[in-house]
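Q: Can you keep this structure in mind? I'll have questions shortly.
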Amino acid sequence: MKILRWAAGVLDKVRNEHIRGSYKVGAPRRGDDHAVRKTLALPENKRKRGRPASTTVAKDIKNANLIDVTTQDRESWRRKTRKADPK
């Protein structure tokens, strides 16, 4: 569109339809299989109300019954939190 405006010598306040009509160029259309249309058709996921879920670090601290001193010591933290996943 910018090229057509430049070629027509139009800078402002002229509708795109008028410029396309003077050059007999149709408006660009995207099909239903275009990525943008697919993305816009996706359902919106709304956040739940209330406080956000706790982080994994907070869960690790709670599950391992750790105290603040242990969380500051990296080596003991790794020993107590880096275990095989039982799932």
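The values are calculated or read from the model by the stated rules, or taken from the named source; none is laboratory data. All values derive from a computational prediction rather than experimental measurement. No Cβ is skipped: glycine too gets one built from the backbone with ideal geometry, and neighbour counts run over all protein chains shown.
Q: As an exercise: evaluate Arg37 against (1) basic (Lys, Arg); (2) surrounded by fewer than 11 Cβ atoms within 10 Å (Cβ to Cβ); (3) at pLDDT 85 or above and give the number of the one condition it does not meet.
A: Just one mismatch for Arg37, condition (2).
Q: Does Arg30 qualify as being under 31 Å from the mean Cα position of the chain (by Cα) and modelled with pLDDT under 85?
A: Here the answer is yes, as Arg30 does meet what is asked.
Q: For the range 18-49, which positions are outside any loop (DSSP other than H, G, I, E, B), more than 27 Å from Trp6 (Cβ to Cβ) and not small (Gly, Ala, Ser)?
A: If the condition is that a residue be outside any loop (DSSP other than H, G, I, E, B), more than 27 Å from Trp6 (Cβ to Cβ) and not small (Gly, Ala, Ser), then Arg37, Lys38, Thr39, Leu40 are the ones that fit.
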